[in-house]
Amino acid sequence: MEEKRNYTLKIWRQKDANDKGGFVTYPLNDISTDMSFLEMIDVLNEKLIADGQEPVHFDHDCREGICGMCSMVINGKPHGPKDAITTCQLHMRSFDHGVTITVEPWRAKAFPVIRDLVVDRTSFDRIIQAGGYVSVNTGGVPDANEIPIPKKIADDAFDAATCIGCGACVAACKNASAMLFVSAKISQLAMLPQGKVERASRAEDMIAQMDEEGFGACTNTGACSAVCPKEISLEHIARMNREYFTAKFTAKKS
Amino acid sequence: MSWLHTTMNSTLGKKVLMALTGLFLILFLVIHLLGNLQLLLPDQGAAFNIYAHNMASNPLIRVVSILNFAFILTHVVYSIVLTRLNKNARPVGYAVPNKKSAWASRNMGILGTIILLFIIIHLKGFWYELKFGKVPFVEIDGIMMKNGFALVQAAYSNPIYSLIYVIAMVFLGFHLSHGFQSAFQTLGLNHNKYTTFIKKTGLAFSILIPGLFAMIPIIMYLKSIT
Ligand code: HEM
Ligand code: FES
């Protein structure tokens, strides 16, 4: 049953990357429990605009949990209190009437704040550009299932490939480490025959880029996996470590 | 060998050094415990003194002991390097802290620092005293040897000193409750066939080993007052 609830929002406001920024508190009433979290912020923004104020800037695109754009730390947890969903899939029924909700941007040196809740995640793009691809010769269209792949391996690779690159892992990690993201991207290709050709250089180059971007190291706390909307497993980080050291100790010097 | 330098200097390389030195220290803890449990034998410390005497005169043990110091130092130095690197990766923190992980895993640095303080007290009290201090001699089986047992006995008759040991073991237990299984994950050993086993072993280890260590000062203190 739909219900109307009142909230106090404590939202991080910051004009640009150089601004110090700070929290601003907004009371917001008559919010439908059927609304998504982003729709609730839309309502707030309509009010702010009507009052002649600057709306809260935030990232979003698909609003159906597949693009990875929506990025907010809600009450200390990336994507809010529910497990295995993104902020756009979070509903206001998950918040009791009258509570205060604190909303912060992803916090990491490699994800500088652009404005309010919007952070620059191009460091992820540069990691992908460093090796998160397979080089294929374009030729005739190959027959389907020409390369047999055991179901178990296909499933594992697919699990890794469900990563939407939202960066919640970085946001949750006490070290702002990107290991879960990078390991998912390395794993999804390393397990498949098409990706095996470049597996050594991929691991070396992506990890070098990850370090260069200023992400932290892994303490294996598991906070990343606990907040991941796609529940990517720590097994991928272990695989990444194997890929990296195998590459470093066995591949030829470039 | 610049490739090796690059490899070990990466975030992954630094962590592998933490894991390898940590696992060595874990192995050392077991050997150290087995030796020390002889303190509890009802023989006025004869077995313990003979053991300590043989250890001190064995060249292989000397090498292992130097390695042990080197590994502790590496572990500590890299813990500082990693902690700084990790702190730098998040210049602005959160207003609301994230609690989606085990407390020990988020506080390995604090736990380690307390363990380091303990190691310093421990080395000063026993290792330094035995090696460079004035320790009484005792004759066992016709051989004159340092009476390490008497040194330990005197130390543990002080309740404050014994208490420091017991508390330090609690912190060690927490460090190991995360560290044991974490080291395997760092080395890439995570697999659905054996990870549950590693985690359970780690938990048992982090209770059993510090627990047995803590028993020694407790029992020796109780003996001293009866
Ligand atoms: C008997 C003593 C010790 C043992 C057996 C031990 C064991 C371990 C093990 C097995 C790990 C896990 C490594 C990994 O995650 O791959 C670890 C991590 C760690 N240790 Fe120790 N340790 C000891 C003493 C110390 C001391 C004296 C310090 C620091 C002053 C320290 C600081 C740390 C830190 C900060 C980590 C986490 C590093 C990270 O993942 O960011 N440890 N330890
Ligand atoms: S907006 Fe696309 S995942 Fe939330």
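The values are calculated or read from the model by the stated rules, or taken from the named source; none is laboratory data. Just so we're clear, the structure is a prediction, and the values are computed from it rather than from any experiment. Positions of Cβ are backbone-derived with ideal geometry, glycine not excepted, and every protein chain shown enters the neighbour counts. Just the protein is used for accessible areas: all its heavy atoms, side chains included, with ligands, DNA and RNA removed. Shrake-Rupley method; radii C 1.70, N 1.55, O 1.52, S 1.80 Å.
Couple of notes before you dig in:
- Considering B:Leu117, B:Leu151, B:Leu163, B:Leu212, the condition of being under 30 Å from B:Thr11 (Cβ atoms) and either surrounded by 14 or more Cβ atoms within 10 Å (Cβ to Cβ) or out of contact with any Lys or Arg (no Cβ under 8 Å at 6 or more places or on another chain) (or both) is satisfied by B:Leu117 alone.
- Among residues of region B:78-90, those that are more than 7 Å from every other protein chain (Cβ to nearest Cβ) and either more than 9 Å from ligand 1 (Cβ to nearest atom) or not in a helix (DSSP H, G or I) (or both), counted: 3
- Checklist (1) in contact with a Phe, Trp or Tyr (Cβ under 9 Å, 6 or more places away or on another chain); (2) assigned to a loop (DSSP other than H, G, I, E, B); (3) open to solvent by 10 Å² or more (accessible area, probe 1.4 Å) applied to A:Lys10, failing item: (2)
- Residues that are of a type in the set (A, V, I, L, M, F, W, C) and farther than 17 Å from A:Val227 by Cα, drawn from region A:56-93: A:Val56, A:Phe58, A:Cys62, A:Met92
- Leading residue by the ranking (nearest to ligand 1 (Cβ to nearest atom)) among those in region B:1-56 that are touching a strand residue (DSSP E or B) at 6+ places or on another chain (Cβ under 7 Å) and among the aliphatic types (A, V, I, L, M): B:Ile50
- Taking (1) free of Cβ contacts under 8 Å to residues at least 24 places away in the same chain; (2) open to solvent by 50 Å² or more (accessible area, probe 1.4 Å); (3) within 30 Å of A:Asn75 (Cα to Cα); (4) polar (S, T, N, Q) in turn, B:Asn86 satisfies each apart from (2).
- Test: residue in region A:63-82 that is on the phi > 0 side of the Ramachandran plot, more than 14 Å from ligand 2 (Cβ to nearest atom), without any contact (Cβ under 8 Å) to a residue 60 or more places away in the chain and not small (Gly, Ala, Ser): yes
- Members of region A:105-146 that are touching a helix residue (DSSP H, G or I) at 6+ places or on another chain (Cβ under 9 Å), open to solvent by 80 Å² or more (accessible area, probe 1.4 Å) and more than 14 Å from chain B (Cβ to nearest Cβ): A:Arg126, A:Gln129, A:Tyr133, A:Val136
- Residue count for region B:106-120 satisfying the condition of being polar (S, T, N, Q) and within 14 Å of chain A (Cβ to nearest Cβ): 1.
- Selected residue (criterion: farthest from the other protein chains (Cβ to nearest Cβ)) from residues of region A:83-104 that are over 18 Å from A:Gly68 (Cβ atoms) and in a helix (DSSP H, G or I): A:Arg93
- Test: residue in region B:17-28 that is closer than 21 Å to A:Cys224 by Cβ and within 8 Å of chain A (Cβ to nearest Cβ): no
- The helices (runs of 4 or more DSSP H) located wholly in region B:1-75 that include 2 or more residues which are basic (Lys, Arg) occupy B:11-36.
- Of the listed requirements (1) within 16 Å of ligand 2 (Cβ to nearest atom); (2) free of Cβ contacts under 8 Å to residues at least 60 places away in the same chain; (3) within 14 Å of chain B (Cβ to nearest Cβ), A:Asp19 misses just one: (1).
- None of A:Thr25, A:Thr102 is more than 16 Å from ligand 1 (Cβ to nearest atom) and either modelled with pLDDT under 95 or open to solvent by less than 50 Å² (accessible area, probe 1.4 Å) (or both) except A:Thr102.
- Subset tally (residues that are among the β-branched types (Val, Ile, Thr) and within 16 Å of ligand 2 (Cβ to nearest atom)) for region A:152-166: 2
- Some residue of region B:179-188 being among the aromatic types (Phe, Trp, Tyr), closer than 27 Å to A:Cys218 by Cα, buried (at least 19 other Cβ atoms within 10 Å of the Cβ) and within 9 Å of ligand 1 (Cβ to nearest atom): yes
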